[in-house]
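S.K.: This is the structure, below, for whatever I ask next.
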Amino acid sequence: MHLRDWWHQQRQQCPALVAELDWLVRQVTGWDTLTLRTSEQPGQEFLPRLRSLWQQYLQTRVPLQYLVGTTPWRDMELQVAAGVLIPRPETELLVEVAVQWAQKWGLTTGPWVDLGVGSGAIALGLLREMPAIQVHGVDCSAIALQIAATNAENLGLKARLSLYQGDWFEPLAHLRGHLQGMVSNPPYIPTDLLPTLAAEVQHEPRLALDGGEDGLLHLRRLVQAAPAYLCAGGLWCVETMSGQTAAVVNLLQAQGGYQDIQTYRDWGGHDRIVCARWGGECSSIGQV
Ligand SMILES: C[S@@+](CC[C@H](N)C(=O)[O-])C[C@H]1O[C@@H](n2cnc3c(N)ncnc32)[C@H](O)[C@@H]1O
């Protein structure tokens with residue numbers, strides 16, 4: 001059987017999963033749908049692996065990214081595995097926004113932090129865009145840190161990414177008052193919503209998703225703790241769940257020392273990102 005015939009057959013059998021099928025075929029073969037439709041090559045050599053991965057996916061709903069072991073994200077190919085969140089397309093925008101702010105406010109050199117670094121996606125995206133920064137990545141998950149380290153090594157960025165296991169700012173005492181920027185995509189899904197998420201998401205680590213009762217548990221801590229670590233004028237930039245940005249803006253305003261607070265929508269038009277600059281002097285009031 002030719003690859004094209006198998007692909008057509010699976011599309012007909014699983015019409016609700018054509019995007020997943022196309023993703024898998026592209027990731028395994030490098031062929032996009034145009035190539036699949038027009039190529040003269042039979043592509044039979046790819047079929048055993050494709051059949052096996054597709055069957056596993058249909059039977060278990062383990063995310064295809066875990067089964068394949070990699071995912072494209074921005075201009076990178078990142079390793080992923082069970083135990084680490086699969087970086088999402090909407091998070092690509094966080095890098096874009098953070099770099100724009102960094103350029104506008106002169107924050108393109110010195111130390112940054114990615115809290116909840118996961119696979120390293122955001123940290124590595126920032127490092128590629130801003131060659132004079134150093135990123136400190138923190139995660140409480142040892143598996144995530146291992147994968148972030150592998151991705152940094154594969155991309156030749158290991159020397160500029162320092163990784164720490166710990167609770168948010170807790171391992172970063174040596175950077176108090178010096179951070180040029182803090183980025184984070186913390187767990188922000190309200191606990192009650194977790195069981196309603198797609199079958200694939202149930203295979204991802206709860207630790208990466210669970211934002212407590214109202215989803216804001218970790219975001220609150222990042223608002224309160226960051227002032228002790230950011231330099232005056234340093235960037236505070238997070239991803240939130242759609243519908244949460246107004247609450248995060250309120251938290252920042254209530255803290256009193258943040259300025260230039262701004263929100264952004266993602267590619268799908270959902271409110272998603274909140275940025276601000278720490279306006280006060282380097283302070284010791286923030287607690288981890
Ligand atoms: C939503 S994931 C984001 C992963 C990655 N930054 C991304 O955008 O794909 C949140 C990450 O925060 C980590 N995390 C959860 N609680 C934490 C804590 N208290 N301190 C540090 N990291 C934490 C999780 O292990 C997970 O890797």
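Please treat every number below as a calculation from the coordinates, not as lab data. Bear in mind the structure is a predicted one, so any value in this text is a computation, not a measurement. FYI the Cβ positions are ideal-geometry reconstructions off the backbone, even for glycines, and counts take in every protein chain you see.
S.K.: Return one quarter of the surface area of the convex hull spanned by the alpha-carbon atoms of the chain, equal to its mean projected area, in nm².
M.R.: 15.6 nm²
S.K.: A further question follows. What spacing in nm lies between the two simple spin-label points modelled at Ile261 and Leu194, each 7 Å away from Cα in the Cβ direction?
M.R.: 2.9 nm
S.K.: Which value results when the Cα radius of gyration for region 147-214 is divided by 2.2 N^0.38 Å? Walk me through the numbers before you get to the answer.
M.R.: On the way: Rg = 15.7 Å, N = 68, 2.2 N^0.38 = 10.9 Å.
Normalised by 2.2 N^0.38 Å, the Cα Rg of region 147-214 equals 1.43.
S.K.: Right, something else. What FRET efficiency, computed as 1/(1 + (r/R0)^6) with R0 = 35 Å and r the Cβ-Cβ distance, is obtained for Arg26 and Ala254, rounded to the nearest 0.05? Before the final figure, lay out the partial values.
M.R.: Numbers: r = 46 Å, r/R0 = 1.31.
For Arg26 and Ala254, the calculated efficiency is 0.15.
S.K.: Modelled label-to-label distance, Ser242 and Tyr164, 7 Å Cα→beta-carbon offset: nm?
M.R.: The answer from the label model is 3.5 nm.
S.K.: Ok, one more. Can you tell me the FRET efficiency between His2 and Val68 if r is taken as the Cβ-Cβ distance and R0 is 22 Å, rounded to the nearest 0.05? Don't skip to the end; give the middle numbers.
M.R.: Values: r = 22 Å, r/R0 = 0.99.
Efficiency computed from Cβ-Cβ geometry: 0.50.
S.K.: Also, quick follow-up: Roughly how many nanometres apart are two label points built 7 Å out from the Cα toward the Cβ at Ala142 and Arg11?
M.R.: 4.6 nm
S.K.: Which longest uninterrupted range of the chain lacks any GluC sites (Glu not before Pro) assigned by DSSP to a loop state (not H, G, I, E or B) and surrounded by at most 16 other Cβ atoms within 10 Å? Show your work: numbers first, answer last.
M.R.: Details: sites that count: Glu40, Glu213, Glu281.
Within the chain, the longest run free of exposed GluC sites (Glu not before Pro) spans 41-212.
S.K.: If you don't mind, another one. Excluding Asp260 itself, what net charge comes from residues whose Cβ is under 13 Å from its Cβ, given Lys and Arg +1 and Asp and Glu -1?
M.R.: +2
S.K.: For region 3-60, report the convex hull volume of the alpha-carbon atoms normalised per residue, in Å³, without decimals.
M.R.: 73 Å³
S.K.: While we're here: With N residues in region 195-280, what two-decimal value do you get for its Cα radius of gyration over 2.2 N^0.38 Å? Write out the running numbers ahead of the final one.
M.R.: On the way: Rg = 14.2 Å, N = 86, 2.2 N^0.38 = 12.0 Å.
Output field value: 1.19.
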